[in-house]
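J.: Take a look at the following structure, please.
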Amino acid sequence: MSNSSSLKSLVGITDKLNRPVRDLRISVTDRCNFRCTYCMPAEIFGERYEFLPRPEILTFEEIERVARIFAAVGVNKLRITGGEPLVRANLSELIERLSSIEEIEDIALTTNGYLLPKYANELKEAGLKRLTISLDSIDEEIFKKMSGRPQGPANTLEGIKLATELGFSPIKINVVVQRAVNDHTLVDTARYFKGTGAIVRFIEFMDVGTKNGWELSEVVTSKDVIDMIGSEFPLEPVDPNYTGEVASRYRYKDGDGEIGVISSVSEPFCGSCTRARLSTDGKLVTCLFASGGTDLKEALRSGQSDEEIAEMIGGIWTNRSDRYSELRSKATDLYVGAEGDKVEMYYIGG
Ligand code: SAM
Ligand code: SF4
Ligand code: SF4
């Protein structure tokens, strides 16, 4: 990796809204072993759905190279996501490569946890420190309904248990909240993890992509979630761990740990959004709701130098002005039903 002055001159670059680039979310596959109704509904992602052909997918070498370039211009956090990252063969090898990047202080993985019982050990050995595991309900039937698969949550729960024993800390549990789907099970899910050290984070159902049939009426606001859980287990707010933390934190007054809420719809946090996204096929995407991205794969494969690619990234970032969620909340009726051709969640990984 070159350390030339051209790379250094990009350190600290900010976008048009004065936001630096700090985090890179890497989608390692567009495939998934679940068919969550709000992300990859089975009726659309069926047998005949064409996922990316192998040559289109970035190799581990290419992902590492992009991560090193981002690290050189200021990124210190990586998140591995998908699709389901654990269905990508030899993922631990990628974790090991990324762990060796000096500037990277934090690598996390978001997974549905189904394959964690198989891979948690080797991920730990490869240097992974943090895990976020998605689990929308501990209720067997609701879990099946939301994940679009016939199995209940047993594997995911076993994966969480194993990860806890292995010392992943803190483990975060992501719960997407959908009105009239899983909202009546939130208290049970919170109760299940209360006192285990895991932090359950309730996420407002978002209108990502164009295939999940999103309706504003299906969003349960974070405020309502806090009221619901707080009426069973009294809660109090906690200061954020750092500026720009996406989840708002609350702790149980009895000292049994904390929960979080992610209010992407009711209280958007675009002002502090320092996240860049690398899609499975190497596109740099500057917003979860973007309609496309800039192809870095072409640059990687056509012999461009690290400096040239860094310049490209710098150009994209300094021109960034995305704040989709803020605009949406300011003009709700402007966006409902006007999905256009937004990038799908499984493609850029949330
Ligand atoms: N397959 C992995 C998983 O489910 O954890 C990683 C990829 S998934 C796209 C990343 C996160 O996005 C998950 O926690 C998932 O629940 C969340 N997600 C997907 N679609 C969503 C939506 N429409 N609204 C809110 N969160 C969503
Ligand atoms: Fe798969 Fe994750 Fe999307 Fe569910 S949310 S379909 S587990 S990528
Ligand atoms: Fe960041 Fe776009 Fe989400 Fe706003 S809408 S927080 S800019 S990803």
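The values are calculated or read from the model by the stated rules, or taken from the named source; none is laboratory data. Worth saying up front: this structure is predicted, and the values here are computed from it rather than measured. Note that we place each Cβ from the backbone using ideal geometry, even for glycine, and neighbour counts take in every protein chain shown. Protein only, heavy atoms only, side chains kept; ligands, DNA and RNA dropped before computing areas. Shrake-Rupley method; radii C 1.70, N 1.55, O 1.52, S 1.80 Å.
J.: Using +1 at the Cβ of each Lys and Arg and -1 at the Cβ of each Asp and Glu in the chain, identify which of Gly127, Pro41, Val220 lies farthest towards the dipole's positive end.
T.: Gly127
J.: Measure nothing but the geometry: give the 0 to 90° angle between the long axis through the Cα atoms of 60-72 and the longest principal axis through the Cα atoms of the chain, rounded to 10°.
T.: 80 degrees
J.: R0 = 41 Å: FRET efficiency of Thr14 with Glu215, Cβ-based, nearest 0.05?
T.: Calculated transfer efficiency: 0.70.
J.: Taking a probe of 1.4 Å, how large is the accessible area per residue of the range 4-348, in Å²?
T.: 43 Å²
J.: Under the 0.36 nm per residue contour assumption, what length would be gained going from the current alpha-carbon distance of Asn121 and Asp256 to full extension?
T.: Length difference between fully extended and current span is 45.9 nm.
J.: Using a cut-off of under 14 Å, list every residue of the range 252-285 whose amide N is near the label point 7 Å from the Cα of Glu298 along the Cα-to-beta-carbon line.
T.: Answer for the range 252-285: 282-284.
J.: Using modelled amide H (1.01 Å from N, peptide plane; none on Pro or chain starts), what sits under 5 Å from the amide H of Asn174, excluding residues fewer than 5 places away?
T.: Those qualifying (amide H under 5 Å, at least 5 residues apart or on another chain) are Ile133, Ser134, Leu135, Arg201.
J.: Ignoring ligands, DNA and RNA, what percent of the accessible area of the chain is carbon or sulfur (1.4 Å)?
T.: Exposed carbon and sulfur together represent 48 percent of the surface.
J.: Now, a different point. Compute the long axis of helix 116-126 from its Cα atoms, compare it with the longest principal axis of the Cα atoms of the chain, and write down the angle in degrees, 0 to 90, nearest 10.
T.: Between the helix axis and the principal axis of the chain, the angle is about 40 degrees.
J.: How far is helix 222-232 tilted off the main Cα axis of the chain, in degrees rounded to 10, range 0 to 90?
T.: Orientation of helix 222-232: about 40 degrees from the principal axis.
J.: Still on this model: Would you mind telling me the antiparallel percentage of the DSSP bridges in the range 4-348, rounded to 5?
T.: 30 percent
J.: What ³J(HN,Hα) values, in whole Hz, does the Karplus curve 6.51 cos²θ - 1.76 cosθ + 1.60 give for the range 263-275 when θ = phi - 60°, with x put for Gly and Pro?
T.: Rounded to whole hertz, the list is 9, 4, 9, 7, 9, x, 10, 4, x, 10, 7, 10, 9.
J.: Follow-up. Normalised radius of gyration for the range 156-256, please: alpha carbon Rg relative to 2.2 N^0.38 Å, two decimal places.
T.: Dividing the Cα radius of gyration by 2.2 N^0.38 Å gives 1.14.
J.: Could you pull out every residue, at least 5 positions away or on a different chain, whose amide H is within less than 5 Å of the one on Arg149? Hs are placed 1.01 Å off N in the peptide plane, and Pro or chain starts have none.
T.: HN-HN under 5 Å from Arg149: Arg35.
J.: Tell me, what is the FRET efficiency for Glu245 and Phe51 to the nearest 0.05, using R0 = 30 angstrom and their Cβ-Cβ distance as r?
T.: 0.35
J.: Sticking with this one: If you find the alpha carbon centre of the range 263-285 and of the range 1-61, how far apart are they in angstrom?
T.: The range 263-285 and the range 1-61 have Cα centres spaced 11 Å from each other.
J.: When the dipole is taken about the Cα centre of the chain, and only Lys, Arg (+1) and Asp, Glu (-1) are charged at their Cβ, what size is it in debye, to the nearest 20?
T.: Once rounded to the nearest 20, the dipole reads 240 debye.
J.: Identify all lysines with a Cα-Cα distance to Lys297 below 17 Å; exclude those on the same chain that are fewer than 8 residues away in sequence.
T.: Of all the lysines, those that pass the test against Lys297 - Cα under 17 Å, at least 8 places apart if same chain - are Lys283.
J.: Suppose each label sits 7 Å from its Cα in the direction of the beta carbon; what would the Glu165-Asn90 distance come out to in nanometres?
T.: 2.9 nm
J.: On to the next question. Give the value in nm², to one decimal: projected area of the alpha carbon convex hull of the range 4-348, averaged over all directions.
T.: That works out to 16.7 nm², a quarter of the Cα hull's surface.
J.: Mind ranking Trp317, Trp214 by accessible surface for me, highest first, 1.4 Å probe?
T.: Trp214, Trp317
J.: At what distance in angstrom do the alpha carbon centres of the range 150-177 and the range 311-325 lie from each other?
T.: What the calculation gives is 35 Å, centre to centre.
J.: Something else about it: Could you give me the radius of gyration and the Dmax of the range 214-267, taking only the C-alpha atoms into account and expressing both in angstrom?
T.: Radius of gyration, then largest Cα-Cα span, for the range 214-267: 12.1, 37 Å.
J.: On to the next question. Can you classify the range 89-230 as rounded, prolate or oblate using the Cα gyration tensor, where a ≥ b ≥ c are the square roots of its eigenvalues, rounded means a/c under 1.5, and otherwise it's prolate if a/b beats b/c and oblate if not?
T.: Judged from the Cα gyration tensor, the range 89-230 comes out prolate (a/c at least 1.5, a/b above b/c).
J.: Here is a follow-up. At a 10 angstrom cut-off on C-beta neighbours, averaged per residue, how do the peptides 49-56, 93-100, 109-116 rank from highest to lowest?
T.: Per-residue mean Cβ counts within 10 Å order the peptides as 109-116, 93-100, 49-56.
J.: Among Ser321, Val265, Ser248, which residue has its Cα positioned farthest towards the positive end of the charge dipole of the range 4-348, with +1 placed on the Cβ of Lys and Arg, -1 on the Cβ of Asp and Glu, and the dipole taken about the Cα centre?
T.: Ser321
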